[in-house]
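Asker: Here it is, the structure, as structure tokens.
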Amino acid sequence: MGLFDFVNKFKKTRTDLKWAKILNGWGSSFPQFGQDIYASDVVQQAIACIVTEMTKINPVHIREIQNDSIPIVGEIQRLLNQPNEKMTQSDFLEKVFWQLLLNYNAFIIPTYKKNQDGSKTYTGLYPIQPLSVDFLQDPSGKLFIRFKFTNGYETTLRYSDVIHIRYRFSVNEFMGGNEIGQPDNQALLKTLELNNTLLEGVAKALKSSFSINGVIKYNTLMDDGKMDKAIADMETHLANNESGFLPLDIKGEFIPLQNKIQLVDAETLKFIDTKILRHFGVPLAILLGDYTKAQYEAFYQKTLEPLIKKISEAFTMTLFSNREKGFGNKILFYPHELIFMDTKQKIELFDLLVDSGSCYQNELRTAFGLRPLPELAGKIAMSSNKTNAENNKDDHDNTNNSNEDNNNEEGEE
């Protein structure tokens, strides 16, 4: 079942829905979405840095049993691996996080079919971009959400059936962003205006360097006709000049103009760029791709990790019933494997894992860029020292058991 067929099931007009009650006094209808700041290349690059990293996370359906997270292979996991017929997993995540960071709200509609026992079998996950959203309530207080799109189409769904991820969820009761559910960019716009003024100043300075650089002074009085002819001759000389020297007769004198072009210093431009990037929590080193492990780890903890937690909780809240959540079912988005580690640190980690028998041999190979081997499937990676120790322990135990049996036999005799 596709998205259009699914939402059409809910197209029946309901007359018992009213605007949702909201405590802060604002209405519950929100236009989507502001685009004022996104003409800036620095803003686009900052958001792209975050989105690119977020496409690396891996969604996993797990079940927590006594603090042990067990991955569940089933319909939901297959859906997470390929959310719908048009998108790969990374396409889906890229779409969701671009919408979240552009609009401070991202909406995903999970399509499903109802089973005879009342449970749901999910068939697709579709990120949408509505023109506006309205929050409504029925007489029992159940919350609904109405989406309106640019082509005039609209549909109303139960809010509990929609995955809603909010960014900078503060003053509004339903939406991320400011009091009307929009990105609050007023402070950032001032910095962007300053940045644009500096860039325009640099452009004008460059243009002025190609303007008039000197004056030809003729040491005689000329009427308008002779002056026009002299200018035409000078233009011809300039057009034909290949040596860099301009020939003049005794009547002409070249007076150079001192054009001192003052460009913006690098520190000022860096300050403006850093101020814009700080709004999105992206260090300049991350944007340039010239970062250390410590810088990336700080970027992950400050900017990426809160988003990972948000999307994990939003998916869990919508895709599982209260009963299923009671049994420990969750959707967790795991960051890219060994996200902070260089080769030396990987070796140190796997020394510990292998020594304790805590990883598979193929897991060890793939961590260093080697392809997994079918003959190693399911085999635990264990150091030879530990293996020998285990064997020695077994031999020692067998010897002790044998001695005890002999002693028992002698005692019985």
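The values are calculated or read from the model by the stated rules, or taken from the named source; none is laboratory data. These numbers were taken from a predicted model, which means no experiment stands behind them. Neighbour counts run over all protein chains shown; Cβ positions are idealised from the backbone, glycine included. Each accessible area value is taken on the protein alone, full model and side chains, heavy atoms only, with ligands, DNA and RNA left out. Shrake-Rupley method; radii C 1.70, N 1.55, O 1.52, S 1.80 Å.
Asker: Check whether at least one residue in region 312-328 is of a type in the set (Val, Ile, Thr), in a loop (DSSP other than H, G, I, E, B) and open to solvent by less than 50 Å² (accessible area, probe 1.4 Å), and report yes or no.
Answerer: The answer is no; no qualifying residue exists.
Asker: Can you find a residue that is closer than 14 Å to Ile62 by Cβ and without any contact (Cβ under 8 Å) to a residue 40 or more places away in the chain anywhere in region 301-310?
Answerer: Scanning region 301-310 turns up no residue that is closer than 14 Å to Ile62 by Cβ and without any contact (Cβ under 8 Å) to a residue 40 or more places away in the chain.
Asker: May I ask you to say which residue of Lys95, Lys56 is surrounded by 20 or more Cβ atoms within 10 Å (Cβ to Cβ), closer than 17 Å to Leu304 by Cα and either at pLDDT 95 or above or under 28 Å from the mean Cα position of the chain (by Cα) (or both)?
Answerer: Testing whether each residue is surrounded by 20 or more Cβ atoms within 10 Å (Cβ to Cβ), closer than 17 Å to Leu304 by Cα and either at pLDDT 95 or above or under 28 Å from the mean Cα position of the chain (by Cα) (or both) leaves just Lys95.
Asker: I'd like the residue in region 272-296 that is charged (D, E, K, R) and touching a residue at least 24 places away in the same chain (Cβ under 8 Å) and, out of all such residues, is surrounded by the fewest Cβ atoms within 10 Å (Cβ to Cβ).
Answerer: Taking the candidates together, the pick is Lys293.
Asker: Search region 57-78 for residues that are touching a residue at least 12 places away in the same chain (Cβ under 8 Å) and outside any strand (DSSP E or B) and pair each with any residue that is of a type in the set (Phe, Trp, Tyr) and surrounded by 10 or more Cβ atoms within 10 Å (Cβ to Cβ) when their beta-carbon atoms are under 7 Å apart and the residues are at least 6 apart or on different chains.
Answerer: Ile57/Phe333; Ile57/Tyr334; Glu75/Tyr122; Ile76/Tyr122
Asker: A further question on this structure: If I go through region 107-144 residue by residue, how many of them are surrounded by fewer than 11 Cβ atoms within 10 Å (Cβ to Cβ) and either touching a helix residue (DSSP H, G or I) at 6+ places or on another chain (Cβ under 8 Å) or part of a loop (DSSP other than H, G, I, E, B) (or both)?
Answerer: Looking only at that region, the number is 7.
Asker: Given the options Gln66, Gln129, Gln137, Gln116, name the one that is among the polar types (S, T, N, Q) and within 30 Å of Asn185 (Cβ to Cβ).
Answerer: It is Gln129.
Asker: Next question. Of the residues Val51, Val60, only one is of a type in the set (Val, Ile, Thr) and within 30 Å of Asp273 (Cβ to Cβ); which?
Answerer: Val51
Asker: Also, I was wondering about something else. Would you point out which residue out of Ala298, Ala294 is part of a helix (DSSP H, G or I) and either at pLDDT 95 or above or over 30 Å from Pro127 (Cα atoms) (or both)?
Answerer: The match here is Ala294.
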